[in-house]
Structures are given as structure tokens and as C-alpha cells.
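Step one of this worksheet: look at the structure below.
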Amino acid sequence: MSEPLDPERDRLSARIGRVAQVGANMGGAAAAYAAARLTGGDDARIAKAIRDALGKSKGPLMKVAQLVATIPELLPDAYADEFRKLQSHAPAMGWPFVDRRMRTELGADWKKKFEFFEQEAAHAASLGQVHRAITKAGDEVACKLQYPDMASAVEADIGQLKTLLNLFKTMDNTIDSSEAIEEVSERLREELDYAREANHMRLFGAMLADAPAHVPVPQADLCTKRLITMTWLSGRGLLHYIDADQETRNRIAALLFTVWWGPMTRYAVIHGDPHLGNYSFTDDAAALNLLDFGCVRIFPPRFVEGVVLLQRSLKSGDRDGVAHAFEIWGFKSLTNELIDALSIWARFIYAPLIDDRVRTIADGVKPAEYGRREVSEVRRRLKTLGPVLIPREFVFMDRAALGLGAAFLHLKAELNFAQMFEESVGAFDVDALAARQSAALADAGL
Ligand SMILES: Nc1ncnc2c1ncn2[C@@H]1O[C@H](COP(=O)(O)OP(=O)(O)O)[C@@H](O)[C@H]1O
Ligand SMILES: [Mg+2]
């Protein structure tokens, strides 16, 4: 290739080089771990060494590490705490580079397709960056433009992820995360395909058409596999409302509930990344803006049947129903002891959904303590029963449940979550759901 020298390009290859470097550092962390094991070193120190190694990555690995940190089953506490401290610092593409990328996506005359295009990025994205622009028709849009060569960076990250989780497996043999790794890898690879993401966006637009929610509309003629041009949505983040009055905080929590569980209970589809940057609220908090459809999980309809059966069986104390639900979820070799261990976790996650009254999520438990006892009790039991294979469907379901739970905790929302769940599920009919899902997917081009 006879590309002219380009400082941005150099920076990018340096960045990709750094991803490779993280690999070397991870090897170092693994060695540090082995040494610490022999000499009796502690988890916290190893965790810090791994975070330092990861901190050198400027790529999507950061996002993966943060994501993995939010799935408590996958990592011991000391590690999850360190990983949550990771921040993404991807270097921005400068204007000459953006110009060239846009030419590649939309052609040499791409500027003629916009009334205005802001040269400086408005936001960083994990695989690219977001620019504000105005179309010829006068619509304000967001252009999410992907960096080049991200496929290889993502593959490198998936390799790192596997190394990392295998490291934990040798350390703590309670969890078999092999399916979970496949699940996360599959979503990461999907995230490269912005054409698919635009279709996810269409799908959510349709599923939430009657909900108090706004979903960006992709503009097909300005979208490619590496560029999404969509309506610009402005709003305020969750943290803005953290000190609002109780009624407003409740309203926001109810919006989150509707937007996340509506598509799940009616279409078996979930937005797998309930990160603070991925949604906002219109000024009066009357509606939620939902963003970022890079990590969307479309479940087999039967999985939702398992979710509903688990809620109903926990509520009525039907042990066989609970066991059957775990089977549907995909847990294998279910002994009575394993069912009991898994039930501790299930009862914890589902507690607000089976307790038919107005309550907070934590219901008096201090946020810092929340879930700790349950996690450590399950881990303790799995030490003798494990390793338990985490079914792949569990990963993003759990991630969404915990992400939303954390938002409800922050908001100190007081709601009857059980009643909201019942209303969302309605008279559950798996065949009706399957028909609804396939029609919606076909309409969205999925
Ligand atoms: N349609 C939009 N309107 C306004 N801002 C947007 C829009 N889409 C994305 N953004 C902003 O850009 C950021 C990154 O986009 P996002 O789709 O979340 O990328 P990533 O998949 O890398 O997280 C978001 O957190 C948000 O601040
Ligand atoms: Mg995002």
C-alpha cells in the first residue's frame, strides 16, 4: 500500500501494537500469579498486576474487562474490584483520518451528503468514535464511525480474554466459563458489524414503539458495515437524577424496567449492555433514550419460559419447578446439592420479583454488602460440587439483571417490582412469543 505517511495511522498501529503488548504483560501476570501461589502471595496483589497489564490496552479489551467485572460469577471479588477501575482511553481519530475513513465508507463526495459534519468527535466509542452532523434534510444525526483493523484487535482481545479466564479457572475451580467465553466472544465479533447493529436498532425501535422510549433511527443511505448514521438523541444521564425526589427516581426506575424487561418477556431479546453511557432521559424524565445496540442477545423463546418458570416456582416454593427451570436455562448434571446452591443465587436475583410489595431492591441491606454473602456462599458450596458450567444464555441475562439492579440501588427506587414483572409477562405463552419474535426479526432484517 502506498498510503502517505500519516501520524494518525501510526498512532493506530502503535495502539494495535499495545494490544499485543498486553498479551506479553498478561503472560507476565500469569507468571506473577504462579510465583505468588508458590510463595503464598495474595489475590489483591495479583489482581493489581493484571489490571496494570490490562490498563495498557487502549482497545475494546477495556470494555471486555469492565464487562466481565460486572458478572460476579466469573471473577473473584478482588479482581472484579480492580477491573471496575479500568477506564477506556482510546486515542481519537483526527480530522484527516476521519475524512479518509468517511471517504472509504460513503465515497469521495461524502461531504455533499451532509449539511454539516463536526470535525471533532463528540464521544468516544469502544471500536470507533461518534460525530455530530446534520443531514441535507436538516436532521441532527450521530455518525458512529469505526476505526480500521478492529477485527484483528477484537480477535487479539478474545485471545486475551481466554487466557485471563483460564488463569482464574486454575485458581478457583468453582466455575466452568468455557460457554460464557464463547458467548462473550460471539457478541464481541458481532459488535464489529455495524450493519447488524443498525438492524438491532430497528428491532428495538419496533419492540419499544409503544413504550415511553426513544430509539435512534438509522438512516440507511448513510450506513455501512463500519458506519452508522442515526438520529441524534439528547438527554441527561442517570447520575443527574440521583438526588431527585422519590417520585422522579421511581419513574426513572420504572422506565428502565419497562425498556429492559419488555423486549425480554415479549420477544426474548435483551440489550446486553446497560452501561450508564448507553441510555439517558429526556428533560422531564418522561422517556428514556436507548443507545448502543452493539451487544444484543436474541434468546431462544424457550429460555424466557425458563425465566418465568423460575420466578413462579421460587414464589410458590415448587422445588421440581425450580429444577426444571435450571434445566431449561441449560445447567447440566443437576444434583440436589447443585440445585440448592444455584437456588441461593436465584433467590437473591429474583427476590424483588417474588416479593409482592413496594420495596427497594436492597430492602435494608447496605449496598456494599449487597449480594456478597450469597456469592460467597454459592462459591463455598461449588468448591465441593463444582465446577459448574455456566450456560451461555445465562451471561447477558445475568449481566442485564445486575446492571439494572445496580441502577435501582443508586436510585433508591421504591417500587413493587414483582407486580411490574407480572404485568410485563402477562399470560405467558411461549408459542405466541416465538411467533412475535420471528416476525419482529424478519421486519428488522435479522
Ligand atoms: N444516537 C445518538 N445520539 C446521541 N449520542 C449518541 C448516539 N449514539 C451514541 N451516542 C454517544 O456516543 C457514545 C458511544 O456510542 P455507543 O453506541 O455507546 O458506542 P460503544 O458501542 O462503543 O459503547 C454513547 O455513550 C453516547 O454518549
Ligand atoms: Mg456504549
Problem set entry | Close pairs from region 115-143: first closer than 17 Å to CYS223 by Cα, partner within 12 Å of ligand 2 (Cβ to nearest atom) and polar (S, T, N, Q), Cβ under 6 Å, at least 6 apart | none
Problem set entry | Top-ranked residue of region 354-376 - restricted to ones that are within 17 Å of ALA253 (Cα to Cα) and among the aliphatic types (A, V, I, L, M), ranked as surrounded by the fewest Cβ atoms within 10 Å (Cβ to Cβ) | VAL358
Exercise. Which one is surrounded by the most Cβ atoms within 10 Å (Cβ to Cβ) among residues in region 195-221 that are out of contact with any Pro (no Cβ under 9 Å at 6 or more places or on another chain) and among the charged types (D, E, K, R)?
Worked result: ARG196
Exercise. So ARG249 fits all but one of (1) crowded, with 22+ Cβ neighbours inside 10 Å; (2) within 16 Å of ligand 1 (Cβ to nearest atom); (3) not aromatic (Phe, Trp, Tyr); what number is the exception?
Worked result: (2)
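Residues checked against (1) within 16 Å of ligand 2 (Cβ to nearest atom); (2) assigned to a strand (DSSP E or B); (3) modelled with pLDDT under 95:
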| position | (1), (2), (3) |
| --- | --- |
| GLN129 | yes, yes, yes |
| ALA133 | no, yes, no |
| PRO148 | no, no, yes |
| GLN160 | no, no, yes |
For this session: Read through the list (1) surrounded by 20 or more Cβ atoms within 10 Å (Cβ to Cβ); (2) within 16 Å of ligand 2 (Cβ to nearest atom); (3) of a type in the set (A, V, I, L, M), then give the number of the only condition that LEU276 fails.
Result: (1)
Exercise. Of all residues in region 260-273 being within 16 Å of ligand 2 (Cβ to nearest atom) and not in a loop (DSSP other than H, G, I, E, B), which is nearest to TYR241 (Cα to Cα)?
Worked result: TRP260
Problem set entry | From the options ALA325, ALA244, residue that is buried (at least 19 other Cβ atoms within 10 Å of the Cβ) and away from ligand 1 (no atom under 16 Å from the Cβ) | ALA325
Problem set entry | Exclusive hit being under 18 Å from ILE361 (Cα atoms), in a loop (DSSP other than H, G, I, E, B), open to solvent by less than 40 Å² (accessible area, probe 1.4 Å) and in contact (Cβ under 8 Å) with a residue 24 or more places away in the chain, set ALA413, ALA407 | ALA413
Exercise. Quick one: is TYR350 closer than 23 Å to GLU414 by Cβ, modelled with pLDDT under 90 and either within 23 Å of the chain's Cα centre (by Cα) or hydroxyl-bearing (Ser, Thr, Tyr) (or both)?
Worked result: no
For this session: Please work out if PRO301 is surrounded by 17 or more Cβ atoms within 10 Å (Cβ to Cβ) and touching a residue at least 60 places away in the same chain (Cβ under 8 Å).
Result: yes
Exercise. Does region 172-194 hold any residues that are surrounded by 15 or more Cβ atoms within 10 Å (Cβ to Cβ) and in a helix (DSSP H, G or I), and which are they?
Worked result: SER178, GLU179, ALA180, ILE181, GLU183, VAL184, SER185, ARG187, LEU188, GLU190, GLU191, TYR194
For this session: Filter region 165-190 for residues that are basic (Lys, Arg) and more than 23 Å from ARG381 (Cβ to Cβ) and give the result.
Result: ARG187, ARG189
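The values are calculated or read from the model by the stated rules, or taken from the named source; none is laboratory data. No experiment lies behind these values; they were computed from the predicted model shown. Glycine also receives a Cβ, built like all others from the backbone with ideal geometry; neighbour counts cover every protein chain displayed. Note: areas computed on protein heavy atoms with side chains; ligands, DNA, RNA excluded. Shrake-Rupley method; radii C 1.70, N 1.55, O 1.52, S 1.80 Å.
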